[in-house]
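Chemist: Structure provided below as structure tokens; questions to follow.
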Amino acid sequence: MAGNNRKFFVGGNWKMNGSKDSINEICGWLTAGDTADTDVVVGPPTAYLGYVQEKLAGSGVYAAAQNCYKVPKGAFTGEISPAMIKDIGCEWVILGHSERRNVFGETDELIAEKIEHALGEGLKVIACIGEKLEEREAGKTEEVVFRQTKAFKDKVKDWSKVVLAYEPVWAIGTGKVATPQQAQEVHARLRTWLSENVSPAVANSLRIIYGGSVSASNCNDLATQGDIDGFLVGGASLKPDFVKIINARKA
Ligand code: PGA
């Protein structure tokens, strides 16, 4: 969509990777790099969230939890709550990632409840959607991503605290990136859906970012597309080239 004011947004999803040593290195090149024109958020494993939050304090790069539960506290072994994420000074959480959906069986409804609670507690949310290969091949991409987004819509009151991440499952961790045209097509359709089902204002202001095998070599072409407002990056966020992805619009 031409003429928008959406600030470029790049998230790094470290998944279950890292150690204190490797995190020290990553935070070193990340804070030394040029991140001025982009909103940059990185998601360390929970064990290191507080550590990374403190290391990045004041740098302009923010830490995100990779998941959280839908209530403030209680007998939920292994879970963390938005209240805890906020308590350590962290403002962001990634919810609905395809690995949460497909490895850990999270449903649209649970993810939407988590988003509702996280937003209610004052967190900002990177909310993820995306179709599987068999769904794309069956011509169901739109049906799937609209269904996933509708589940969010039913619970989200304030979209200004949300970034929507479109991550086709077949592109995640496979090296098989969506073409700029494939990604743009889905982003544009999502924006139309949002315009019709939420509001034109939300459709115009919401950042829709692409994820799935984004790298320093493919990010520039993706970033030229009018409805791609940034990226959610897995593997490549662990390497110094991540800074090139952060600056993909400048190339
Ligand atoms: P990838 O992961 O960049 O390694 O494909 C993306 C993601 O899962 O967010």
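Read-outs: derived from the displayed coordinates by stated rules, not from any lab. Note that the coordinates shown come from a computational prediction; the quantities given were computed from them, not determined experimentally. Cβ: placed from backbone, ideal geometry, glycine included. Neighbour counts: every protein chain shown.
Chemist: Kindly list, by first and then second residue, each pair from a residue in region 145-174 that is in contact (Cβ under 8 Å) with a residue 60 or more places away in the chain to a residue that is assigned to a loop (DSSP other than H, G, I, E, B) and away from the ligand (no atom under 16 Å from the Cβ), limited to pairs with Cβ atoms under 8 Å and residues at least 6 apart or on different chains.
Modeler: As it stands, the answer is 163/206, since those pairs meet every condition given.
Chemist: Sticking with this structure for a sec: For residues that are among the acidic types (Asp, Glu) and under 16 Å from residue 141 (Cα atoms), scanning just region 158-205, find the one that is surrounded by the fewest Cβ atoms within 10 Å (Cβ to Cβ).
Modeler: 185
Chemist: Here's another thing I want to ask about it. Can you tell me which condition residue 32 does not meet? The list is (1) touching a residue at least 24 places away in the same chain (Cβ under 8 Å); (2) aliphatic (A, V, I, L, M); (3) out of contact with any helix residue (DSSP H, G or I) (no Cβ under 8 Å at 6 or more places or on another chain), and all the others hold.
Modeler: The number of the failed condition is (1).
Chemist: Restricting attention to region 7-29, and to residues there that are among the small types (Gly, Ala, Ser) and without any contact (Cβ under 8 Å) to a residue 24 or more places away in the chain, which single residue is nearest to the ligand (Cβ to nearest atom)?
Modeler: Taking the candidates together, the pick is 19.
Chemist: Here is a follow-up. Tally the residues that are over 21 Å from residue 222 (Cβ atoms) and either touching a Gly at 6+ places or on another chain (Cβ under 7 Å) or exposed (fewer than 14 other Cβ atoms within 10 Å of the Cβ) (or both), restricting the search to region 26-51.
Modeler: Here the count works out to 7.
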